[in-house]
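> I'd like to ask some things about the structure below.
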Amino acid sequence: MELTGKQRAFLRAMANPLETLLYVGKEGITGNTLKEAYDLLQARELVKCAVQQSAPLSAREACDELCEKTGASPVQVIGRRFTVYRKNDKEPKIQLP
């Protein structure tokens, strides 16, 4: 799903106060990381993630890989943090403009 600029700005504003819930560590993006990301996206739709310093990926690389494997859309990447969004088709919680 491709987000428009207005939708991305709306999601960035929503993501600002969120806690970081998913961390990418020195193993990179593993099967467990993908499962956790998938479960978080199902439950919350909008997830803030962080890449630890020992990780072999940059935040942009981790965001792109995670989005590709979970079907999510990138919202923003700042420093070592990134935010992804995927709409829950059964029970949507976020209404995009």
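All of the numbers you see were taken from the coordinates with simple rules; none came from a lab. None of the values given here were measured: they were computed from a predicted structure. When we count neighbours, we look across all protein chains shown, and the Cβ atoms used for this are built from the backbone with ideal geometry, even at glycine.
> For segment 54-91: of the residues being of a type in the set (A, V, I, L, M, F, W, C) and in contact (Cβ under 8 Å) with a residue 24 or more places away in the chain, which is farthest from Thr4 (Cα to Cα)?
Ala55
> Then there is this: State whether one or more residues within segment 56-64 are in contact with a strand residue (DSSP E or B) (Cβ under 6 Å, 6 or more places away or on another chain), hydrophobic (A, V, I, L, M, F, W, C) and more than 28 Å from Lys90 (Cβ to Cβ).
Looking for residues that are in contact with a strand residue (DSSP E or B) (Cβ under 6 Å, 6 or more places away or on another chain), hydrophobic (A, V, I, L, M, F, W, C) and more than 28 Å from Lys90 (Cβ to Cβ), one finds at least one in segment 56-64, hence yes.
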